[in-house]
Amino acid sequence: MKRAIIVLSIIIASTALTAGVIHAAGLTANWLRIGTQEEGGVTFFNGTIINETTGEEDADNPVTFGDNVRIDGRVYRGATAGTSDSLPFIVNDNMEVVGTLTTTGLSGNGIVSTSTIANDAVTAVKIAANAIDSTSIADGAIATADLEDNSITSQKITDQTITATDIADSAISSDKIANSTVTSGKIQDGTIDSDDIADNALTQSTGAAAGYGTTTTSTSATVITDLEKTITTGSSDLLILFSGTFSNNQNGGYTQISLNIDGDNYGDPTRRGTSGAANEQFSLSFNELTNTSPGEHTIQVTWRTSAGSTSTILDNNLVIIELKK
């Protein structure tokens, strides 16, 4: 009878072990294999995996996984999943993600820096309007090489933003200033002196003189030798100045001068001088201001003498000045 009870107990214990119904209070083993090659097994951990050993000076020894780890569920920290608690999942090392990282948000210093952005990755269409202002740009961050030609226009510059200290010497040339952009109201008194004005910028001038002792016996208007000049102007005023000393070899003989512009007699500046005695000297002059169209213009001083007499030109001077503005 006693032998039968012992045999029965062994059978029941073996059956219980095979069926997995033994609840052990603890199990200590150097290793444990679950499953075989191509025959996987399942291990149920209804609790926490802990490495209860410590290192030197009670240093924490982590639980070590010595192979690739596959997790079919989600990884989180604390009793509840999600972000509602104050227990974030912490990775205490550098992390490399092979694949795409999808997040609902990133925070912290150094998330994005210039070294983590590929060249040309950020384009204008990826930047919202007014997203970048002057406070977002470090001093000296934008150089001329970073700006496309004509990308900065006057409409993009706030009034009085640019002062003289912002403009390098010789940075602004005449080809960068639109017509009629600079008016007298924009120029402070005393700002411009003669050194700031290029030669012939406001005026251009030319002149001529006839040879001393040149004579004529013509009673019709002819051009005085050497008193003919050509000048190319814009749409501007032309100031023509002439003065000369003449004589006539007859008592009562006269000399008459006139002004021609582009082959036409100008009309009003006709001057006549009469000798009170043979070869008496007298002065003739005129000052004329006339408007000209753009192009080349020929200025001439003509003269004629009374019948049977000879007129002579002595000292003389012709000055032509274009007054551009």
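How far, in degrees from 0 to 90, does helix 2-19 lean away from the longest principal axis of the Cα atoms of the chain, to the nearest 10?
Helix 2-19 and the main axis of the chain meet at about 10 degrees.
Read phi for every residue in segment 302-313 and hand back ³J(HN,Hα) as whole Hz from Karplus 6.51 cos²θ - 1.76 cosθ + 1.60, θ = phi - 60°, with x for Gly and Pro.
Per residue, the Karplus-derived 3J(HN,Hα) values read 10, 8, 8, 10, 5, 4, x, 10, 10, 9, 10, 9 Hz.
Which ³J(HN,Hα) values in Hz, rounded to whole numbers, follow from the phi angles of segment 143-157 under the Karplus curve 6.51 cos²θ - 1.76 cosθ + 1.60, where θ = phi - 60° and Gly and Pro get x?
10, 4, 5, 8, 10, 6, 4, 6, 6, 9, 10, 4, 5, 8, 10
Whose amide H sits under 5 Å from the amide H of SER236, counting only residues 5 or more places off or on another chain, with H placed in the peptide plane?
THR292
For the chain, what is the convex hull volume of the alpha-carbon atoms per residue, in Å³? Walk me through the intermediate numbers first.
Numbers: hull volume 104.3 nm³, N = 325.
In the chain, the Cα hull volume divided by residue count equals 321 Å³.
Once the Cβ-Cβ distance between ILE34 and ASP58 is put in as r, and R0 is 30 Å, what FRET efficiency do you end up with, to the nearest 0.05?
Numbers: r = 31 Å, r/R0 = 1.04.
Efficiency computed from Cβ-Cβ geometry: 0.45.
Once R0 is set to 56 Å, what does the formula 1/(1 + (r/R0)^6) return for the Cβ-Cβ distance between PHE65 and SER170, expressed as a FRET efficiency to the nearest 0.05?
Working: r = 70 Å, r/R0 = 1.24.
So the FRET efficiency works out to roughly 0.20.
Kindly write out, for segment 61-73 in residue order, the coupling ³J(HN,Hα) from the Karplus curve 6.51 cos²θ - 1.76 cosθ + 1.60 (θ = phi - 60°), rounded to whole Hz, with x marking Gly and Pro.
So the J values, rounded to whole Hz, are 9, x, 6, 10, 9, x, 8, 4, 10, 10, 10, 8, x.
Quick one: net charge around LEU239, please, counting Lys, Arg +1 and Asp, Glu -1 for every other residue with C-beta under 10 Å from its C-beta. Write down the numbers at each step before the final one.
On the way: positive: none; negative: ASP237, GLU288, GLU322.
Around LEU239, the surrounding residues sum to -3.
Under 5 Å between amide H atoms, partner at least 5 residues away or on a different chain: which partners does LYS324 have, H built in plane at 1.01 Å?
Residues meeting the criterion, in which the H sits 1.01 Å from N, are THR203, GLN204.
How big is the charge dipole of the chain about its Cα centre, in debye rounded to the nearest 20, if each Lys and Arg gets +1 on its Cβ and each Asp and Glu gets -1 on its Cβ? All intermediate terms of the calculation are to be shown ahead of the outcome.
Details: 16 positive and 38 negative charges, 208 e Å.
About 1000 debye.
Using amide H atoms built 1.01 Å from N in the peptide plane, name the residues 5+ places from ASN249, or on other chains, whose amide H lies under 5 Å from its own.
ASN279, THR310
How high is the FRET efficiency between GLU296 and TYR212 when r is their beta carbon distance and R₀ equals 25 Å, given to the nearest 0.05?
Values: r = 29 Å, r/R0 = 1.17.
Efficiency at R0 = 25 Å is approximately 0.30.
Give the separation of the Cα centroids, segment 254-310 to segment 127-153, in Å.
65
Put +1 on the Cβ of each Lys and Arg and -1 on the Cβ of each Asp and Glu in the chain; which of LEU284, ILE132, ILE187 then has its Cα farthest toward the positive end of the dipole?
ILE132
How much mean residue ellipticity at 222 nm does the chain get from its helices, if each DSSP H run of length 4 or more adds -39500 (n - 2.57) and you divide by all residues, to the nearest 500 deg cm²/dmol?
Numbers: 1 runs with 18 residues, N = 325.
For the chain, the value works out to -2000 deg cm²/dmol.
Which residue, LEU101, LEU87, LEU27, tops the fluctuation ranking in a GNM of the chain built on C-alpha contacts under 10 Å?
Among LEU101, LEU87, LEU27, the largest mean-square fluctuation in the Gaussian network model of the chain belongs to LEU27.
If you look at just the Cα atoms of segment 121-209, how large are its Rg and its Dmax in Å?
19.5, 73
For segment 203-323, max minus min Cα coordinate along each principal axis, in Å, sorted largest first?
Largest first, segment 203-323 extends 46, 22, 19 Å along its Cα principal axes.
With a 10 Å Cβ neighbour count serving as the proxy for reagent exposure, in which order, fewest first, do LYS186, LYS324, LYS229 appear? Present the calculation step by step, with values, prior to reporting the outcome.
Numbers: LYS186 8, LYS324 14, LYS229 17.
Arranged by neighbour count, lowest to highest, LYS186, LYS324, LYS229 become LYS186, LYS324, LYS229.
Computed from the coordinates by the stated procedures, all read-outs in this text should not be read as laboratory data. Owing to the predicted nature of the structure, the values given are computational and were not obtained by experimental measurement. Don't worry about glycine lacking a Cβ; one is built from the backbone with ideal geometry, like all the others, and counts go over all protein chains shown.
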